[in-house]
1. Has region B:27-40 got at least one residue that is under 23 Å from residue A:342 (Cβ atoms) and in contact (Cβ under 8 Å) with a residue 40 or more places away in the chain?
2. Go through region A:309-319 and report how many residues are within 17 Å of residue A:198 (Cβ to Cβ) and either more than 14 Å from chain B (Cβ to nearest Cβ) or in contact with a strand residue (DSSP E or B) (Cβ under 7 Å, 6 or more places away or on another chain) (or both).
3. Which members of region A:393-412 meet the condition of being surrounded by fewer than 18 Cβ atoms within 10 Å (Cβ to Cβ) and within 29 Å of residue A:135 (Cβ to Cβ)?
4. Find the helices (runs of 4 or more DSSP H) located wholly in region A:35-139 whose residues include 3 or more that are in contact with a helix residue (DSSP H, G or I) (Cβ under 6 Å, 6 or more places away or on another chain), at positive phi and surrounded by 17 or more Cβ atoms within 10 Å (Cβ to Cβ), and list them.
5. Filter region A:163-215 down to the residues that are on the phi > 0 side of the Ramachandran plot and either away from chain B (no Cβ under 14 Å) or not in a loop (DSSP other than H, G, I, E, B) (or both), then identify the one that is farthest from the chain's Cα centre (by Cα).
6. May I ask you to list the residues in region A:78-105 that are under 16 Å from residue A:152 (Cβ atoms) and within 26 Å of the chain's Cα centre (by Cα)?
7. Among the helices (runs of 4 or more DSSP H) confined wholly to region A:376-481, which include 2 or more residues that are within 28 Å of residue A:326 (Cβ to Cβ)?
8. Could you list, in sequence order, the residues of region A:320-368 that are in a loop (DSSP other than H, G, I, E, B), more than 10 Å from chain B (Cβ to nearest Cβ) and either over 20 Å from residue A:453 (Cβ atoms) or without any contact (Cβ under 8 Å) to a residue 40 or more places away in the chain (or both)?
């Protein structure tokens, strides 16, 4: 009964009703209420059109993406007026068009590019990024000129588009790009459902494979989108109660539910900044676990809003976050916490390494592939994403910031590798335990996963505010030193 | 080798690596194996190794689309394409 209530979006009568014209109008009204306020434009008008004409989904999303592109042009580029903004947008679209042409005519590319299309995509992207970053300083181009506006736009666009271009390069290699149109790719390059450098919904190949066209499947997918939006609001409420209890801050939508009572903690970054000496031993752990929970909920909420909208458009894609706090292994948490980032690392680092090491023993291949993805790929992703914070503040800041991220990535890679190997050994050999013991073991495993990721959290927060020494001091403070 | 023989070998293999709580018989051939809960993404690696060793498919040469490894039908199509 509870299961049936929870899966209300799969009820055949409801699915059928939601597919009717009246049902679709009601669906749109519900979406208008549930979509996050800052996503309403251009999502709601486009959704109305997509509900009326689902066959034109990609064209409608392409239309919306032009608006998203406009909003991505940085404020500094607006100083150059409409010409600067227009130039920045045209340049971004031009780059994407060239990438699209290359993917479509993959067979005609030079052999070296065909062998390693992803590496070439990165080399080209980074060269443009470096050129655009240096243009304003080295060439003395003022940001308020159209050329300066174009350069600053590229600085923002390249990290945003790089991984999307990689998905397109993969499509080129697989041959699926040849059957696509330029406007099809706009849907995920500048997605109306939002997101950052990690593409929620991956590239066109995945979106196409998950596009529902059969009326009942389409209707069910849309209802699943509504359910995800509802869940997003539910978790928003839970998070605001946690924020209120931990920090004493009134948080929307529940306000100060606890009538001013709180544990009077702070979030992790100011706590590390203040040093462990400013907190009692137990409070240090409470700050850490509280911040870890808050961050995990925040990611889940954001992902539910984005994937909810994507499903409303009729794409039956996986959730970004799926009950990570119930994971009993490190690798399971990694799978469930930030699915599309994990997929990015798996597709562009893990599989290529696993396949390139075919002659080595299976366990060695697995460890190498995990290190390539969770350590090297992860580090590379963040360095590219935050390149001004790493590279434009001198060698000391570079060493300090890179050091913190490196500790995070190495520990994550090792943790996942060990967890994967243990998981593989356990496969097919479940321990024969009574129910009570099994539950206790499960809780212990979950606590271990929380502990691992909460400790990692110390190394991932406050990139520009915390030094390597401060992070080490906090870690020592957690064990009473 | 015929598609039926390949199917039999593949299903026997999937039965050995599946999650214990999901019976193989409950899954349709065109159903996503991960989504249906039959296997996890770690098991996809096992499928890769299985295809490399049993059918001598060299993925570095063909490239890998994980989407081709998530349904029984897609895996059988991949084996057929390689045999051709």
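The values are calculated or read from the model by the stated rules, or taken from the named source; none is laboratory data. Every value quoted in this text rests on a predicted model; they were computed, and no experiment measured them. Heads up, the Cβs are rebuilt from the backbone with ideal geometry, glycines too, and the neighbour counts pull from every protein chain shown.
1. yes
2. 3
3. If the condition is that a residue be surrounded by fewer than 18 Cβ atoms within 10 Å (Cβ to Cβ) and within 29 Å of residue A:135 (Cβ to Cβ), then A:393, A:394, A:395, A:396, A:397, A:398, A:399, A:402 are the ones that fit.
4. By residue number, no helices (runs of 4 or more DSSP H) qualify.
5. Checking each candidate, the answer is A:194.
6. Across region A:78-105, the qualifying residues are A:88, A:89, A:91, A:92, A:95.
7. It comes to A:378-385, A:394-426, A:435-457, A:468-478.
8. A:321, A:322, A:323, A:359, A:360, A:361
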